[in-house]
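Each remark here refers to the structure printed beneath this line.
Taken together, the values in this text are just the output of simple stated rules run on the coordinates, not laboratory data. Note that the structure is predicted; figures quoted are calculated from it, not measured. Please note: Cβ atoms are built from the backbone with ideal geometry, for glycine as well, and neighbour counts cover all protein chains shown.
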Amino acid sequence: MNDPRMTPSNGRVAHVSLKGEVEAERFVEGRRLMVQQPMANITDAPRGRRVSQLLFGEMFRELESYDGFSFGQAERDGQVGYVLSGAMASPEEPTHWVTAPATHLYPKAHLKVPPEVSIFFGSPVKVVAERDAHLRIHTGHFIPRPHLQPIRARFADPVGVADLFLGSPYLWGGNSRWGIDCSGLVQMALLACGIACPRDSDQQMALGRDLYHGEPLVRGDLVFWDGHVGFMANDRMLLHANAYHMSVAYEPLKDAAARIDAAGGGAITARRRFLKPDE
């Protein structure tokens, strides 16, 4: 059975690749669009519940536009849903991406000029010119040079990336420093290290391998509960976005496990490893 989160079909329209697999009135190739604001919610229905977010510069394949909303699929991870049509425009192929927790878009290449908007870690941009300590992007704005890296640059340590989000407010379906949830944190950290990662924690349980009984936890291991996931920073400390602290926080695994179980969240369901332990 197809997972509706990853199946670009809503009954009225479906992607052409699904012919013979789903029922729909129309099968279309769709068109590729790019987010043109700091972030855009992906919802499960027009004006529905947020299930994820797209960042500035990220791509979305629109299959249908109706009543101000575009139905389609995120290029980042295949997430299907609805995005405000006005949040997107024609695509620009990115050359760089934001590797600072957040950055400002300046109308001029000067740090004392008031910025017009902020964008967040992971946002792809197209650099069109250089000016001293700033890079000019496709919108005409300037970004401080240290906040950008070439589009193929990657981090080496997912936990170090997740630490960049420390203190970020918890936000269901969030993917940015403005607000993020447990699986969004894991996804953003792994993608920044060049590791493909789906959006939701139940999907992320397929990553890597299960730890053997009694095998010690190491930095980078993932610990799962029913509907929750976090990174191990070492053999004792968990780093996770959680609704108890309402932020990204460090917490001893022993304390987190006891608290979650006492609150009705149950016991740890899996411990997974996708990286080699530090030598």
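Brief remarks on what is shown
- Gyration tensor verdict on the stretch 158-273 (Cα atoms; rounded if a/c is under 1.5, prolate if a/b is larger than b/c, oblate otherwise): rounded
- Between Glu130 and Glu29, the FRET efficiency from the beta-carbon distance, with R0 = 35 Å, is close to 0.45.
- Label-to-label distance, Val113 versus Asp261, with points set 7 angstrom from Cα along the beta-carbon direction: 5.8 nm.
- Residues with amide H under 5 Å from that of Phe69, placed H, sequence gap 5 or more: Ser85
- Backbone phi angles across the stretch 55-64, fed through the Karplus curve with coefficients 6.51, -1.76 and 1.60 (θ = phi - 60°), yield HN-Hα couplings of 8, 3, x, 7, 9, 9, 8, 7, 9, 7 Hz in residue order; Gly and Pro are listed as x.
- Converting phi to 3J(HN,Hα) with the Karplus coefficients 6.51, -1.76 and 1.60 and the offset θ = phi - 60°, the stretch 232-245 yields 7, 7, 7, 6, 10, 9, 9, 10, 7, 8, 8, 7, 6, 7 Hz in sequence order, with x at every glycine or proline.
- Rg and Dmax of the stretch 96-150, both derived from C-alpha coordinates alone, stand at 9.6, 26 Å.
- Computed log₁₀ I(q)/I(0) - Debye formula, equal Cα scatterers, no solvent, the stretch 39-183, q 0.15, 0.16, 0.20, 0.22 Å⁻¹: -0.82, -0.92, -1.28, -1.39
- Calculated diffusion of the stretch 21-74, Stokes-Einstein form, Kirkwood radius summed over Cα pairs, 20 °C and 1.002 mPa s, µm²/s: 179 µm²/s
- In order along the stretch 77-82, phi translates into HN-Hα couplings of 9, x, 5, 9, x, 10 Hz, rounded to whole numbers, per the Karplus curve 6.51 cos²θ - 1.76 cosθ + 1.60 with θ = phi - 60° and x for Gly and Pro.
- Net charge contributed by nearby residues that have their C-beta within less than 15 Å of Phe165 (K/R +1, D/E -1): -3
- For the stretch 145-210, diffusion coefficient by Stokes-Einstein and Kirkwood Rh (Cα), 25 °C, 0.890 mPa s, µm²/s: 196 µm²/s
- Inter-part distance, the stretch 63-103 to the stretch 216-276, computed on C-alpha centroids, equals 30 Å.
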